[in-house]
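Only one structure is covered here, and it is reproduced in the block below.
A short reminder: the numbers here are calculations on the coordinates, not readings from a lab. The shown structure was predicted, so the numbers you read here are calculated from the model rather than taken from an experiment. Heads up, the Cβs are rebuilt from the backbone with ideal geometry, glycines too, and the neighbour counts pull from every protein chain shown.
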Amino acid sequence: MKLKFMKSFKYLCLVTCLSLMAFSSLNKSESSQKYKCMIQMKNYEGEGAYIVISLVNPKGEYEKTVYVQGDDEKWYQDITEWWNFQSKVDENIDAITGATISGGNRTISIIEIPDDKLNKGYKIRFETSVEQQKHYIDDVEFGLTTETVNSKVEGKGFIRYIRILPQ
């Protein structure tokens, strides 16, 4: 009887320890902040722009896709720099896509940025591509700091400016 109790007690202890470890790892998960991101496009002729918002690490390498404007996957390869990264890591981007944005229009999306990337040398990059027109690897790119995630940044290509505000 005592042996049976000890086995049950060991099993209960093991289950409790594993549950506590799982719960503590959930609490240590990456926290992030949601931001409203408005993209205002320049007036241009042609198709809507595909825009990829990416997190770039301090070495200048793509780390994560934050958002994609443009939901027709057959055109993703035209966003060449990002596509080189995306095709290797095969991130699931289904839940972070929206429609393309035409010249002169604007859109507001909700993006999520990990808190531990702020003020650590990371950047946010907006890469744009329009069918049969130029491709801009860094149409908008800026350091990810507490000041810039509450600012307006001018674009170099199809984007007139972006504005990011904490939600």
Q) If you stretched the chain out fully between Asn57 and Thr148, how much longer would it get, using 0.36 nm times the residue separation minus the C-alpha to C-alpha distance? A) 31.2 nm
Q | Spin-label model distance (nm) - Thr107 vs Glu73, 7 Å beyond Cα toward Cβ | A | 1.8 nm
Q. Which whole-Hz ³J(HN,Hα) couplings does the range 125-140 yield from phi under the Karplus relation 6.51 cos²θ - 1.76 cosθ + 1.60, θ = phi - 60°, glycine and proline marked x?
A. 10, 10, 9, 10, 8, 10, 3, 6, 9, 5, 10, 10, 5, 10, 3, 9
Q) Seen from all sides and averaged, what is the projected area of the convex hull of the Cα atoms in the range 32-166, in nm²? A) 7.2 nm²
Q.
Using 0.36 nm times the number of residues separating Asn92 and Lys120, minus their current alpha carbon distance, what extension gain do you get?
A. 7.5 nm
(Q) Please arrange Lys123, Lys156 by how many other C-beta atoms lie within 10 Å of their C-beta, fewest to most. (A) Lys156, Lys123
Q. In straight Cα distance, which aspartates and glutamates are under 17 Å from Lys117, not counting same-chain residues fewer than 8 positions off?
A. Glu30, Glu61, Glu63, Glu141, Glu147
